[in-house]
Every structure is written in C-alpha cells, then in structure tokens.
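Heads up, the thing below is written out as structure tokens.
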Amino acid sequence: MAVKSIQYNQHTFDISYEIVNPHAKIDLIVLHGWGSNKNLMKQTFSPYMDTFRHIYIDLPGFGNSTCNDALTTADVARIVELLMIHMNASKDIVMGHSFGGKVALLLEPKLLVLVASAGIYIPKPFKVQAKIALFKTLKVLGLSKFRSLFVADDARQLSEYMYQTFKNVVNEDFSDEFSRFEEKALLFWGKEDSATPLDSGRKIQELINDSALEVYNGDHYFFMKNAEDISLKIQTAFLETMQH
C-alpha cells in the first residue's frame, strides 16, 4: 500500500492506493463504491486479469484516504486523475462500482467498466421527501443537532465534509454524461440490486452508444461471486478495442 499527497483546490488529500502486477503494460484502474474501500475490490479482482497493471484506489474520505473539503463527483474524478498522472497511469480501462462508476465515467477511459453504477436519478419516496422537509424546518429553527435522526444510514457516521459530499453526489443525474461518452462501455448488474436497480443499468445502456449489459443473479455486490466471468469479459472487450 502507498499514499500520495494530492494538492487540489488549495487542499491536500492523502490518497491511498495499491498496485498489483506492477510490470504489466495495460492499466486497469479500479474504483470502489460509497462506504467501501479498495480492499474489497482488490480481494475480488486481483486473482484475475494478470496481463493488466491493477491500480486499486481509496477514494477521498474512504479507507486510508483523507478528505478535508466537500466534494462533487467531478472533484473526486479530478483528484483520481492527478494521482494517475503522478504514477504515469493510462486511461486504458477504468472500472467503477456504484459511486465509483460515476467517477470512472468522468475519467473517459478507452474501456469503461460500470459495475452497478450510480448516476441515474431515482426520485425519493414521499416518506423520505417529508423527512427532508422536516429536517430543513428544524435547521431554520436552529435545531440541526437532531441531524442524526434524519440522515440516511449511509451518511450517519460521516464527518461534516463527507456528509456534505454525500449530499452533493447522491442526487446527481449523469444522464447527459453517459450519453456523451463515446468509447466502449461494459455494464455489469445484479438482478436483485435495490441500491442501483437493474432499470438504471438498462437506461445507461440506452444512453451509451457502444455498450453491452450483462446481468447476474445477486444484489448490489453480485460481482464478488462473479469476478472470474466479469474479468474474462473485460479482457475480451479490451482486446476488441485494441483491434479497432
């Protein structure tokens, strides 16, 4: 494991990363989802694709990486890009799970691998909308100390910077960004995913011109049991992109 200090927007972010197969010529950047870290992705995918140099990154505020500013997805992508420049990494293949999928998209790789990616806005149920409205009223009245009663489970343990980041990224709609992507994309999804439903995968497939969707049994973490098959499909697709 290594840590690199990245300067961005007058802040310093210590970004933790790990490299597998350091002498391979083709780069595979792997980005985890919200609330996760690089270790989950490394345990899942490092046994496969040994012709690629795998770079597993802890996104700012997760794992062993620091975050001392409120960020958007575009900010996170820029920080990852600055890290890649430091390690002379190419944008051959970028894989992103969930929130990491949006970051991967903005990096504009030759081959984009979206694993149950976030980025399609799903309207909140009325109950959640009512809760948000009540919290905003309490905030106006100076009662924001009751925040923990209202925030999502995903956000409850977060620092103030990460809570602001969560609020910035959770409702982003990346439909335009998906439709503007001009390279090849592989989409992998779990049938029973409730965090980023299969309908989101189908919508992204419609938006990205050169894309293929593969569906597996399982939930938001379906890929952990299907890593070998996913890896084979990534290798095949990358070979095809090289031949064009």
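The values are calculated or read from the model by the stated rules, or taken from the named source; none is laboratory data. A quick note: this is a predicted structure, and the numbers were derived from the prediction, not measured. Cβ coordinates were reconstructed from backbone atoms using ideal geometry, including for glycine residues, and neighbour counts include every protein chain displayed. Keep in mind that these areas ignore ligands, DNA and RNA; they rest on the heavy atoms of the full protein, side chains included. Shrake-Rupley method; radii C 1.70, N 1.55, O 1.52, S 1.80 Å.
Among the residues of segment 221-244, those that are assigned to a helix (DSSP H, G or I) and of a type in the set (S, T, N, Q) comprise S231, Q235, T236, T241, Q243. Inside segment 105-125, residues that are open to solvent by less than 10 Å² (accessible area, probe 1.4 Å) and on the phi < 0 side of the Ramachandran plot make up a count of 9.
Restricted to segment 1-36, and to residues there that are part of a strand (DSSP E or B), open to solvent by 40 Å² or more (accessible area, probe 1.4 Å) and among the hydrophobic types (A, V, I, L, M, F, W, C), the residue that is farthest from M242 (Cα to Cα) is V3. For segment 37-52, a residue qualifies if it is within 15 Å of S16 (Cα to Cα) and open to solvent by less than 30 Å² (accessible area, probe 1.4 Å), and the qualifying residues are K38, M41. Of all the residues in segment 148-176, those that are open to solvent by less than 50 Å² (accessible area, probe 1.4 Å), closer than 14 Å to G61 by Cα and either at pLDDT below 85 or in contact with a Ser or Thr (Cβ under 6 Å, 6 or more places away or on another chain) (or both) number 3.
Number of residues in segment 76-85 that are surrounded by fewer than 20 Cβ atoms within 10 Å (Cβ to Cβ) and either under 14 Å from the mean Cα position of the chain (by Cα) or not in a helix (DSSP H, G or I) (or both) equals 2. If the condition is being loosely packed, with under 15 Cβ neighbours inside 10 Å and closer than 18 Å to V94 by Cβ, then segment 210-231 contributes D210, A212, E214.
Can you find even one residue in segment 52-73 that is part of a helix (DSSP H, G or I) and at pLDDT 95 or above?
As a first pass, look at segment 52-73 and keep what is part of a helix (DSSP H, G or I): 73.
Right, trim to at pLDDT 95 or above and you get 73.
Within segment 52-73, one or more residues are part of a helix (DSSP H, G or I) and at pLDDT 95 or above.
When S179 is tested against (1) assigned to a loop (DSSP other than H, G, I, E, B); (2) among the hydroxyl-bearing types (S, T, Y); (3) modelled with pLDDT of 95 or more, only condition (1) is not met. Within segment 197-209, being open to solvent by 10 Å² or more (accessible area, probe 1.4 Å) and assigned to a loop (DSSP other than H, G, I, E, B) holds for P197, N209. Tell me which residues, restricted to segment 86-104, are surrounded by fewer than 19 Cβ atoms within 10 Å (Cβ to Cβ) and either in a helix (DSSP H, G or I) or free of Cβ contacts under 8 Å to residues at least 12 places away in the same chain (or both). Scanning segment 86-104 gives H86, N88. The residues in segment 56-75 that are free of Cβ contacts under 8 Å to residues at least 40 places away in the same chain and crowded, with 23+ Cβ neighbours inside 10 Å can be counted, and the count is 1.
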